[in-house]
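J.: Handing you this structure, nothing more for now.
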Amino acid sequence: MIAEIVQFVVAMAVALALAYGIGLYMSLLIKGEPRPFEYTLSRIEGAIFRVAGIQKDAPMTWRQYLRALLLTNGLVMVFEYLVLTLQGTTPDLAFNTATSFATNTNLQHYVGESLSVLSQLSLMVAHFIAPASGFAACFAFLRCFHFTSRNVGNFYVDITRVFLTILLPISFVGAILLMAFGVPQTLTGTTTTGSFGGGPQTIPIGPVASWESIKEFGNNGGGYFGANSAHPFENPNGFTNTLEIILMLSGGFAFPFAYGELFGKGKGRALLLAILGPWLFLFGFAILSPAGPSGLETRFGSFGSQFFNMSSIFSNTGAANSPLTAMNRKEITSLFVGMFIQAIPGGEGTGFMTLVINVILTIFLVGLMVGKTPELLGYKIRPLEVKLAVIVFLLHPLMILIPTAIAFAAGQVQAILGPGPVTPFGYTRVLYEYTSASANNGSDYLGTLANTPFWNLSTGIVMVVGRYAPIAIMLWISGQFASKDRRVAAEPINTEGVPFILTLIGVTILLTALAFLPFLIVGPFVM
């Protein structure tokens, strides 16, 4: 027990310390203020901007910013699709995989080691572009609250700076540490070694350390191998397990620190605690019962697997160091709730934007109850912003429940799980598939069973809508605030302190329960 407590405290402390540094740096990027080593960084970035034809001083409106984001991500999808199909992947699986990696979901209906090294390397392009797009979208979102201007920055400048100065250096250091503790890094596709039977065996291998580092820090989650982080080449020991947990959590935890630097440290602390409170509660609920023992890796044990998987799913990474079938129903319920909320901390950038949407809804509801004008950061919240926030909230359950119903009605569930009545466990597997796809999480029960045209196309569509529709609406909301006059006065409803934290958590849990509780009761509650 002492070892588990030490592991938990060290991992959380290091993740928060790293998040603090990243958050301070991000606030400088958002405000456009000089950074450490600004001269050197500016020269490197300037060379890239000149070659790419990027005018760094040409600001964009939120619509232009969104178009640039969609264009960039669309090109990544096309690139991934072409590489995969030219390497022999079927069109429907190539569509699913390309959309999955471009949307930062990394749902895998294939076995990782079945792809060539070239295909794996091509997917690493999306490993960087997808999370960088989430960072950039949140930068534009927060900029609208910080500056009274219709311009939200330049997408191409933001994504370049995130890639060069956040994702690349941290993933590089992470890869070096993973290599030092046993994760392989090579461009060789296979290696031949001995076996317990005495004969030779050929083992797939590749640039696993670099894949694993950005996979975790970028909240990507897709495995180089089919076993994902349960594979000894991806996650060989307790140190790498803890390091990967730190990488998964640090990016998402960084945004409240950046928010605090922009709008007041008290407000940042409030949102950080609004993330950590539900995180710790759900984690505590999950570990009330031990995982496994069937399906657990002996090098991690019950707590190591639970800690890793909770950190992964709550951060919308989706990696797993043990099969979901090894998790008890308390853990599966907690994983569902984390994906339903999408903001504890959720995916990098998008998770924090979702949290701010919850803040808007909370302020509006509290304002109705106490008779105060709803305001956020000095801006009045008008009916349009509330309606758009409600749409963002409703998109998630719609993109989960409607496809789930269609899958059952069309007989596609029975086609892959077998004939006969559907059990609560079977229902949970299907509900989890679309929840993971809509949340851009990527973990799933079905795996290669879902490699059929129906499941590949339906989850691909859900991933695309679940990623870009909320981003588009949230940028629209921020654009509405940017066009207003900011009032410099005390907030009618204080957005810091314990009362606000508890209210925000309460409203978030209440809205989530109203949308999803019946579907949890007939699934993971009784499986």
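J.: Output yes when any residue across the range 22-36 is over 24 Å from Ser315 (Cα atoms), modelled with pLDDT of 95 or more, open to solvent by 40 Å² or more (accessible area, probe 1.4 Å) and among the basic types (Lys, Arg), and no when none is.
T.: No, there is no match, as no residue in the range 22-36 is over 24 Å from Ser315 (Cα atoms), modelled with pLDDT of 95 or more, open to solvent by 40 Å² or more (accessible area, probe 1.4 Å) and among the basic types (Lys, Arg).
J.: Please work out if Gly153 is at positive phi and modelled with pLDDT under 95.
T.: Details: at positive phi: yes; modelled with pLDDT under 95: yes.
It is true that Gly153 is at positive phi and modelled with pLDDT under 95.
J.: When Ile313 is evaluated against the numbered criteria (1) within 26 Å of Ile493 (Cβ to Cβ); (2) open to solvent by less than 10 Å² (accessible area, probe 1.4 Å); (3) not in a loop (DSSP other than H, G, I, E, B), which criterion, by number, is the only one it fails?
T.: (1)
J.: In addition: Considering only the range 1-15, I want to know if a residue exists there that is surrounded by fewer than 16 Cβ atoms within 10 Å (Cβ to Cβ), modelled with pLDDT of 95 or more, part of a helix (DSSP H, G or I) and not aliphatic (A, V, I, L, M).
T.: No, the conditions are met nowhere in the range 1-15.
J.: Just to be sure I understand the filter: pairs with C-beta atoms under 6 Å, separated by 6 or more residues or on different chains, first member in the range 289-316 and closer than 28 Å to Gly466 by Cβ, second member modelled with pLDDT under 90 and surrounded by 21 or more Cβ atoms within 10 Å (Cβ to Cβ). Which pairs pass?
T.: Pairs that qualify, where the first residue is closer than 28 Å to Gly466 by Cβ and the partner is modelled with pLDDT under 90 and surrounded by 21 or more Cβ atoms within 10 Å (Cβ to Cβ), are Ser305/Ala291; Ser305/Leu296; Gln306/Ala291.
J.: Turning to a different aspect of this structure: For Val356, are the conditions met, namely being buried (at least 21 other Cβ atoms within 10 Å of the Cβ) and in a helix (DSSP H, G or I)? First the steps, then the outcome.
T.: Numbers: buried (at least 21 other Cβ atoms within 10 Å of the Cβ): yes; in a helix (DSSP H, G or I): yes.
It is true that Val356 is buried (at least 21 other Cβ atoms within 10 Å of the Cβ) and in a helix (DSSP H, G or I).
J.: Filter the range 231-263 down to the residues that are surrounded by 24 or more Cβ atoms within 10 Å (Cβ to Cβ), of a type in the set (Gly, Ala, Ser) and either more than 17 Å from Gly21 (Cα to Cα) or touching a Gly at 6+ places or on another chain (Cβ under 7 Å) (or both) and list them by number.
T.: Answer for the range 231-263, where residues must be surrounded by 24 or more Cβ atoms within 10 Å (Cβ to Cβ), of a type in the set (Gly, Ala, Ser) and either more than 17 Å from Gly21 (Cα to Cα) or touching a Gly at 6+ places or on another chain (Cβ under 7 Å) (or both): Gly252, Ala254, Ala258.
J.: Looking at (1) in contact with a Ser or Thr (Cβ under 8 Å, 6 or more places away or on another chain); (2) under 22 Å from Phe281 (Cα atoms), which one does Tyr468 not meet, given that it meets all the others?
T.: Result: Tyr468 fails condition (2) only.
J.: On to the next question. Please indicate, with yes or no, whether at least one residue in the range 428-436 is of a type in the set (Lys, Arg) and either surrounded by 17 or more Cβ atoms within 10 Å (Cβ to Cβ) or under 22 Å from the mean Cα position of the chain (by Cα) (or both).
T.: Checking the range 428-436: at least one residue is of a type in the set (Lys, Arg) and either surrounded by 17 or more Cβ atoms within 10 Å (Cβ to Cβ) or under 22 Å from the mean Cα position of the chain (by Cα) (or both).
J.: Considering only residues that are among the β-branched types (Val, Ile, Thr) and closer than 27 Å to Ala136 by Cα, look in the range 74-110 and name the one that is most open to solvent (accessible area, probe 1.4 Å).
T.: Val78
J.: What number of residues within the range 365-396 are in a loop (DSSP other than H, G, I, E, B), under 16 Å from Leu142 (Cα atoms) and not small (Gly, Ala, Ser)?
T.: 2
J.: So is Pro453 within 22 Å of Ala343 (Cβ to Cβ) and open to solvent by 10 Å² or more (accessible area, probe 1.4 Å) or not?
T.: no
The values are calculated or read from the model by the stated rules, or taken from the named source; none is laboratory data. This one's a predicted model, so the numbers in the text were calculated from it and none came from an experiment. When we count neighbours, we look across all protein chains shown, and the Cβ atoms used for this are built from the backbone with ideal geometry, even at glycine. Areas reflect the complete protein model, heavy atoms only, side chains present, ligands, DNA and RNA absent. Shrake-Rupley method; radii C 1.70, N 1.55, O 1.52, S 1.80 Å.
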